[in-house]
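Structure first, commentary second.
The values are calculated or read from the model by the stated rules, or taken from the named source; none is laboratory data. Being a predicted model, the structure only gives us computed values, none of them experimental. Positions of Cβ are generated from backbone atoms using ideal geometry, with glycine treated the same way; all protein chains shown enter the neighbour counts. Side chains included, ligands, DNA and RNA excluded: accessible areas come from the protein's heavy atoms. Shrake-Rupley method; radii C 1.70, N 1.55, O 1.52, S 1.80 Å.
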Amino acid sequence: MKMEEVSMSSLDNGKLEGLAQDILSDLVEDACLGLCFEVHRAVKQGYFFLDDTDQESMRDFEIVDQPGLDVFGQVYNQWKNKECVCPNCSRSIAASRFAPHLEKCLGMGRNSSRIANRRIVTGNNTNNKSESDQEDNDDVNDNDWSYGAEKKAKKRKSDKNPNSPRRSKSFKHKSTCLFP
Amino acid sequence: MSKESRMRASVNQKLTEMGERERLKELLRAKLTECGWKDQMKAHCKEVIKEKGLDHVTVEDLVVDITPKGRALVPDSVKKELLQRIRAFLAQHAT
């Protein structure tokens, strides 16, 4: 009995495999027929040969497959080592650093105005010693996500002056108000 | 024998009813386009058309020429993948 069962299941497996192959065969034939219909319609409607042109143009625009070139035949790492002269400060800057340098140099762009604003604020509160520190911090605070750090820096600097006229005024006010 | 043919009929019915046949068709079409089979076949079609003439080519001309070539040129990897899915389906729904 057991032997028969084993052979039965292997028969079934063989049949299942045959069935799978048949299903695949149907699907492939379906794909082929689909393609034939698609092509035939394109031919009869006149759009099958639409993307062909004359032999010469075909050769001109053929895909380029050489090392160091892209598919259009252009050299693509040409600008890696080039240097540009800044029109403002006349320094020679690397091409990839040129745009950020121009931003700072000309005083345009988001970061330049932020740095300038910070300098104005801290220039009023503290003495000139801290201004030289500010220039070192420029590169550290270059990205937008440092807004939180900027806020903290501002807070600390305004807390540094307990002797400013505003503070003493508020103390005087309080004392007079509490004891009328 | 009739037991087998009944099993086959029921499997085929399930394949269609559950939408698996459509999904398999789409999968096959996508794979064939990806691997360049479609472009190859189109190039063969161009030959047939040039032979028979643009105005006189019929669906039958194309089918007779393309189908055997198409079957032969399906890559083995695509066949394998499709067969895997079919076998999985059969394992679940054939008994």
- [ ] Kindly compute the accessible surface that chains A and B hide from a 1.4 Å probe when together, both sides summed, and give it to the nearest 100 Å².
- [x] 3100
Task: Projected label distance in nm at B:Gln13 and B:Leu27, using a 7 Å step from Cα toward the beta-carbon - done: 2.4
- [ ] Per residue of the range B:64-81, in order, report the coupling 6.51 cos²θ - 1.76 cosθ + 1.60 (Karplus, θ = phi - 60°) as ³J(HN,Hα) in whole Hz, putting x for Gly and Pro.
- [x] 4, 7, 7, 4, x, 5, x, 4, 5, 8, 5, x, 4, 4, 5, 4, 4, 4
- [ ] Could you tell me which of the pairs A:Lys15/B:Lys14; B:Lys52/B:Lys80; A:Lys15/B:Lys25 are separated by over 28 angstrom between their Cα atoms in the structure shown?
- [x] B:Lys52/B:Lys80
TODO: Would you mind checking which residues have amide H under 5 Å from B:Val74's amide H? H placed 1.01 Å from N; only 5 or more apart, or other chain.
DONE: none
- [ ] Kindly write out, for the range A:43-50 in residue order, the coupling ³J(HN,Hα) from the Karplus curve 6.51 cos²θ - 1.76 cosθ + 1.60 (θ = phi - 60°), rounded to whole Hz, with x marking Gly and Pro.
- [x] 5, 5, 8, x, 10, 6, 9, 5
